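The values are calculated or read from the model by the stated rules, or taken from the named source; none is laboratory data. Only a predicted model underlies this, so the values are computations on that prediction, with no experimental measurement involved. Every residue, glycine as well, gets a Cβ built from its backbone with ideal geometry; the counts of neighbours run over all protein chains shown.
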Amino acid sequence: MAELEPGRSYRLSDTERDEALGKLRTAFEEGRLDTEEHDQRSDAALRAVNSADLVPLFDDLPTRLAPSAVAVPEPAAPTSPAVPDETTDEVSEKDKGVNVGGLLGWGGFLLLVWGTPSFVSGNVYAITVFLGFFCLMVIGPLVGQLVAQRRRRELGG
């Protein structure tokens, strides 16, 4: 969505209304709204014509739950990858890197459906192609992730 001047209301798109409904649903799931209040606010979000109509629906909710049509963008503090946030001592989901469990599952699947037939056939070309692909798609990222985890441990993360 295009950024507009702060404090200026503008007509909402269907996508912005859907985002507001999603944020209200999140507030409901977190127990911040009861069923009746969620229904009332959802109806008001569906009837909202401009961004100012959404503001009262999110005034008493945390700013992280406010949709982009309501929220004032905050400047993001620069963070280095896989460095814990000082306030929470947690690494965000996007900074964790490759999902090692998923990578091992993918590797097992490849070995079962492609590697086993290649090895059983004894065809050197098929085995070589499989091993190259396996190293590229599984072994390489796995080694990279293990090295990154070791670096994080050494740096105190």
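What are the residues in the range 16-32 that are of a type in the set (D, E, K, R) and more than 23 Å from Val49 (Cβ to Cβ), if any? Give the steps one after another, and end with the answer.
Filtering the range 16-32 down to residues of a type in the set (D, E, K, R) leaves 16-19, 23, 25, 29-30, 32.
Within the range 16-32, Glu29, Glu30, Arg32 qualify.
Can you run down the residue pairs with Cβ atoms below 6 Å, 6 or more apart or on separate chains, where the first is in the range 122-141 and of a type in the set (D, E, K, R) and at pLDDT 90 or above and the partner is surrounded by 13 or more Cβ atoms within 10 Å (Cβ to Cβ) and assigned to a helix (DSSP H, G or I)?
Close Cβ pairs (under 6 Å, with a partner that is surrounded by 13 or more Cβ atoms within 10 Å (Cβ to Cβ) and assigned to a helix (DSSP H, G or I)) do not exist here.
Which one is surrounded by the fewest Cβ atoms within 10 Å (Cβ to Cβ) among residues in the range 47-72 that are within 26 Å of the chain's Cα centre (by Cα) and not in a loop (DSSP other than H, G, I, E, B)? Steps first, please.
First, the residues of the range 47-72 that are within 26 Å of the chain's Cα centre (by Cα): 51, 54-55, 57-72.
This time we only want the ones that are not in a loop (DSSP other than H, G, I, E, B), so: 51, 54-55, 57-58, 63-65.
Working: Ser51: 19, Leu54: 27, Val55: 14, Leu57: 22, Phe58: 21, Thr63: 10, Arg64: 8, Leu65: 18.
Ranking the candidates gives Arg64 first.
Take the residues in the range 94-110 that are surrounded by 14 or more Cβ atoms within 10 Å (Cβ to Cβ) and among the charged types (D, E, K, R), then tell me which one is modelled with the lowest pLDDT.
Only one residue fits best here, namely Asp95.
If we only count helices (runs of 4 or more DSSP H) wholly inside the range 112-157, which ones have 2 or more residues that are of a type outside the set (Phe, Trp, Tyr) and within 31 Å of the chain's Cα centre (by Cα)? Steps first, please.
Values: elements: 116-121, 124-134, 140-154.
Those helices (runs of 4 or more DSSP H) span 140-154.
Between a residue in the range 17-34 that is closer than 10 Å to Leu65 by Cα and any residue that is of a type in the set (Lys, Arg) and in a loop (DSSP other than H, G, I, E, B), which pairs come within a Cβ distance under 9 Å, given they are 6 or more apart or on different chains?
Thr26/Arg32
Just to verify a result, which residue in the range 1-45, among those that are surrounded by 13 or more Cβ atoms within 10 Å (Cβ to Cβ) and hydroxyl-bearing (Ser, Thr, Tyr), is modelled with the lowest pLDDT?
Filtering the range 1-45 for residues that are surrounded by 13 or more Cβ atoms within 10 Å (Cβ to Cβ) and hydroxyl-bearing (Ser, Thr, Tyr), the one modelled with the lowest pLDDT comes out as Ser9.
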